[in-house]
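J.: Next up is a structure, given as structure tokens.
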Amino acid sequence: MQIDTRAEPLRVRIRRALDVGSLPATSGVKVSGGCGAAARCGCCDCQIRMDETRLIIVCNHGEDGPDEPIAMHPQCAQVWFDEVERRQFDLIRA
């Protein structure tokens with residue numbers, strides 16, 4: 001699957017997910033990887049095929065709740081990382 005990580009719709013989708021908390025906006029995450037296993041990407045909501053690499057992002061919620069893994073295409077994960085970093089810089093500048 002070819003993902004256009006420059007496409008604004010993907011960035012908008014990720015920003016919305018960050019706003020509502022369905023994607024973590026924290027640096028306290030663990031990242032692992034594996035085969036697609038027909039998982040859905042938490043960023044673009046497309047299936048990650050068996051022949052594709054899948055990143056698994058786990059946000060450490062501590063006592064607030066259990067850690068929930070989020071599958072992502074590597075390309076989508078990069079856009080997510082970029083958006084989280086942009087938000088952190090915006091907070092520093094504010």
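Taken together, the values in this text are just the output of simple stated rules run on the coordinates, not laboratory data. These numbers come from a predicted model, not from an experiment. We place every Cβ from the backbone using ideal geometry, glycine too, and count neighbours over all the protein chains shown.
J.: Shape call for the chain from the C-alpha gyration tensor, a ≥ b ≥ c root eigenvalues: rounded (a/c under 1.5), prolate (a/b greater than b/c) or oblate?
T.: It is oblate, given that a/c is not under 1.5 and a/b is not larger than b/c.
J.: While we're on this one: Compute the length gained on full extension between R49 and F81: take 0.36 nm times their separation in residues and subtract their Cα-Cα distance, giving the result in nm to one decimal.
T.: Full extension of this stretch gives 9.3 nm more.
J.: Give, rounded to the nearest 20 debye, the magnitude of the charge dipole that the chain has about its Cα centre when Lys and Arg contribute +1 at Cβ and Asp and Glu contribute -1 at Cβ.
T.: It comes to approximately 240 debye.
J.: Can you show me the helix-derived [θ] at 222 nm for the chain, built from DSSP H runs with n ≥ 4 at -39,500 (n - 2.57) apiece and divided by the number of residues, rounded to the nearest 500.
T.: Calculated from helices alone, the mean residue ellipticity at 222 nm is -11500 deg cm²/dmol.
J.: With r as the distance between the Cβ atoms of D67 and V12 and R0 = 22 Å, compute the FRET efficiency 1/(1 + (r/R0)^6) and round to 0.05.
T.: 0.25
J.: Turning to a different aspect of this structure: Based on DSSP loop calls and a cut-off of at most 15 other Cβ atoms within 10 Å, the longest stretch of the chain free of exposed trypsin sites (Lys or Arg not before Pro) is what?
T.: 50-94
J.: Rank L23, L91, L10 by how far each Cα sits towards the positive end of the charge dipole of the chain (+1 on Lys, Arg Cβ; -1 on Asp, Glu Cβ) and give me just the farthest.
T.: L10
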